[in-house]
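The values are calculated or read from the model by the stated rules, or taken from the named source; none is laboratory data. Owing to the predicted nature of the structure, the values given are computational and were not obtained by experimental measurement. With ideal geometry, Cβ positions are generated from the backbone for all residues, glycine too; neighbour counts draw on all protein chains shown. To get the accessible areas, we keep the full protein, side chains included, count just its heavy atoms, and leave off ligands, DNA and RNA. Shrake-Rupley method; radii C 1.70, N 1.55, O 1.52, S 1.80 Å.
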Amino acid sequence: MSVEEAVRRHTLLARDGDEQLLGARLLGRRKPGQWISAVLVLLVVAGIVKSLVTNPRYHWDVVGAFFLRPSILDGLVLTLWLTAAVLVSSYLLGIVLAVMRLSTNPVLSSVSAVYIWFFRSVPPLLQLLFWFQMASLYPQISLGIPFLKPFVTIETAHLFSGLLAAFVGLTFDIAAFAAEIIRGGLVSVEAGQTEAAKALGLSKARIFWRIVLPQAMPAIIPASGNLLIGLLKGTSIVSVIAVQDLLYSVQLIYAQNYLVIPLLLVATIWYLILVTVLSTIQFFVERYYARGKGARTGFWRLWRGQLPLVPRSRPRRDVEVI
């Protein structure tokens with residue numbers, strides 16, 4: 001077969017009407033079931049919105065009146081402070097537990113495994129109640145060598161207030177989950193990276209901070225963001241031990257005026273705002289650690305991807321008629 005004949009056989013020859021076909025408007029396949037389901041869902045959403053707007057029992061005027069009350073804002077500040085303090089403390093403890101879990105020392109690895117198993121198994125509310133009752137279990141806490149005279153003895157009767165019990169209980173609980181998140185991120189880094197760094201003569205600390213940790217962060221950040229959001233909402237359980245967080249502040253007010261639903265809406269709206277802010281921060285942190293991987297997505301594009309009803313720009317037509 002000659003070269004000219006091979007080229008002629010593998011070349012698409014233009015025919016009459018091809019230009020008209022290429023210029024025709026593309027129509028999607030008709031999907032009546034999709035339209036019917038969309039209409040039904042929109043009717044349900046419209047009914048929910050109508051009930052929220054027109055039902056006078058929501059008392060939206062009361063919601064607006066109490067939304068920025070000082071007592072509510074004080075509870076909000078305590079919620080934010082408790083979330084930040086628990087997050088920092090639990091991740092410091094979680095790093096230690098993750099290193100112990102990955103250690104070749106069987107004692108350290110076993111102690112870390114038992115800690116993680118125990119605190120992940122016991123509900124956080126139960127842990128808070130135990131810590132709150134610590135004074136009845138241990139009237140005194142002594143520091144020293146077992147079977148010898150203690151160095152320091154602390155009376156626990158006035159030590160474990162509700163706030164301290166909430167801080168300690170949530171820290172120990174979140175540290176178990178943080179340790180697993182950090183361990184998973186560290187394990188995801190290939191061992192060859194560490195071996196290559198050792199071959200270059202880098203110290204262990206420098207290998208961890210400059211090579212292992214930056215590569216582990218893309219795996220750690222998303223799970224940590226979810227853990228932070230769960231922690232923010234989970235702080236509401238401290239209201240059972242009379243810690244005046246956002247929810248407990250609301251409860252104190254509606255115990256006096258009996259406007260339960262409007263004040264619960266105040267707490268709900270504040271939690272929605274806080275979670276939205278944290279989700280936005282998480283997005284930018286994830287994008288920072290994903291730089292250099294060619295998978296960066298703009299915030300506006302990601303937001304439109306979550307809400308397909310938002311109109312998008314028309315795709316560019318790359319078909320050209322020759």
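Give the angle, between 0 and 90 degrees and rounded to the nearest 10, that separates the Cα long axis of helix 213-234 from the longest principal axis of the Cα atoms of the chain.
Roughly 60 degrees, rounded to the nearest 10.
Going through region 169-239, which GluC sites (Glu not before Pro) have at most 15 other Cβ atoms within 10 Å and a DSSP loop state?
Details: sites: E180, E190, E195; in loops: E190.
Answer in residue order: E190.
Counting trypsin sites (Lys or Arg not before Pro) as exposed when in a DSSP loop with at most 13 other beta carbons within 10 Å, what is the longest stretch of the chain free of them? Don't skip to the end; give the middle numbers.
Values: sites that count: R15, R25, R29, R30, R291, K293, R296, R312, R316, R317.
Longest stretch, sites excluded: 31-290.
Calculate the radius of gyration of the Cα atoms of the chain to one decimal place, then report Dmax, the largest Cα-Cα distance, as a whole number, both in Å.
Considering the chain through its Cα atoms, Rg and Dmax are 29.6, 103 Å.
Counting only helical runs of four or more DSSP H residues, what would the 222 nm mean residue ellipticity of the chain come to if each run contributes -39,500 (n - 2.57) and the total is spread over all its residues?
Working: 15 runs with 216 residues, N = 322.
Only helices count here, giving -22000 deg cm²/dmol.
Give the ranking of D18, D245, D61 by solvent-accessible surface, highest area first, calculated with a 1.4 Å probe. Provide the component values of the computation, followed by the final result.
Values: D18 45, D245 0, D61 115 Å².
The ranking, largest first, comes out as D61, D18, D245.
Would you mind checking the tilt of helix 70-102 against the longest principal axis of the Cα atoms of the chain, expressed as 0 to 90 degrees and rounded to 10?
Approximately 80 degrees, to the nearest ten.
Calculate how steeply helix 162-188 sits against the longest principal axis of the alpha-carbon atoms of the chain, using the helix alpha-carbon long axis, and give the answer as 0 to 90 degrees to the nearest 10.
Around 40 degrees separate the two axes.
Quick check: the distance between the Cα centres of region 82-103 and region 149-220, to the nearest angstrom?
4
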